[in-house]
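Visitor: Got a structure here, written out as structure tokens. Questions coming.
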Amino acid sequence: MAIEVGALAPDFALKDNHGRTVRLSDFRAAGSAAEDGADGADGGRNVVLVFYPFAFTGVCTGELSALRDELSSFVNEDTQLLAVSNDSIHTLRVFGEQEGLEYPLLSDFWPHGEVSRAYGVFDEEKGCALRGTFVIDKEGVVRWTVLNGAPDARDPGDYLKALAAL
């Protein structure tokens, strides 16, 4: 079962497509109730956390390209976009370069699917993340979520509406 609205978003540390460690807690506001020793520089940022099944697949590429095309709405002073799949960092590096994706592509490769499981979006039969999106506020609390089936693309406009409501 996916994490519900109002719940504290599980913290994680994952490598991005360039081998850098990205922690969800790094985006929390300093002094927030959810802070786990995070720096919280710049008063924190809202996070749009997008789980997707696999790089180089049609629907996933379309979704991530749509986010790329609206990047200034999802990566700015108030918001950080993070995309997570169960692909290796090497796969994600090539995928990001090929598609011109200028935001962190995080690898939940090993332990395989650990973060996807923590968010309740790991498909045990297929061995990959489902299409789950979580909008997380600066305090680290999930404020909006959607979970779609594998063939069903999500609408980035819904993410913008959720961000506007924060």
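Visitor: Between Asp78 and Lys126, how high is the FRET efficiency from 1/(1 + (r/R0)^6) when r is the Cβ-Cβ distance and R₀ = 25 Å? Nearest 0.05.
Guide: Given R0 = 25 Å and the Cβ-Cβ separation, E is 0.15.
Visitor: Right, something else. Please give the peptides 136-147, 100-111 ranked by average Cβ packing (other Cβ atoms within 10 Å per residue), highest first, as a rough proxy for protection.
Guide: Peptide ranking by packing, descending: 136-147, 100-111.
Visitor: For the peptides 50-58, 117-125, what is the packing order when you average, over each peptide's residues, the other Cβ atoms within 10 Å and list the highest mean first?
Guide: 50-58, 117-125
Visitor: Round to the nearest 10 and give me the degree value, 0 to 90, for the angle of helix 89-99's Cα axis relative to the longest principal axis of the chain.
Guide: Orientation of helix 89-99: about 80 degrees from the principal axis.
Visitor: On to the next question. Distance between the C-alpha centers of the range 151-166 and the range 50-68? Whole Å please.
Guide: If we compute the Cα centre of each part, the gap is 15 Å.
Visitor: Right, here's the next one. I'd like the orientation of helix 58-69 relative to the chain: the angle between its Cα long axis and the longest Cα principal axis, in ° from 0 to 90, rounded to 10.
Guide: 40
Visitor: Related question: Hey, what's the per residue convex hull volume over the C-alpha atoms of the range 1-147, in cubic angstrom?
Guide: 99
Visitor: Run lengths n ≥ 4 of DSSP H only: what is the helix-derived mean residue ellipticity at 222 nm for the chain, with -39500 (n - 2.57) per run over all residues, to the nearest 500?
Guide: That calculation yields -6500 deg cm²/dmol at 222 nm.
Visitor: Mind checking the log10 I(q)/I(0) for the range 66-111 at q = 0.14 Å⁻¹? Debye, one equal scatterer per Cα, no solvent, two decimals.
Guide: For the requested q values the scattering log ratios are -0.35.
Every read-out reported here was derived from the displayed coordinates using simple, explicitly stated rules and does not represent laboratory data. All of these numbers come straight from a predicted model, not from anything done at the bench. Using ideal geometry, Cβ is built from the backbone for each residue, glycine included, and neighbour counts are taken over all protein chains shown.
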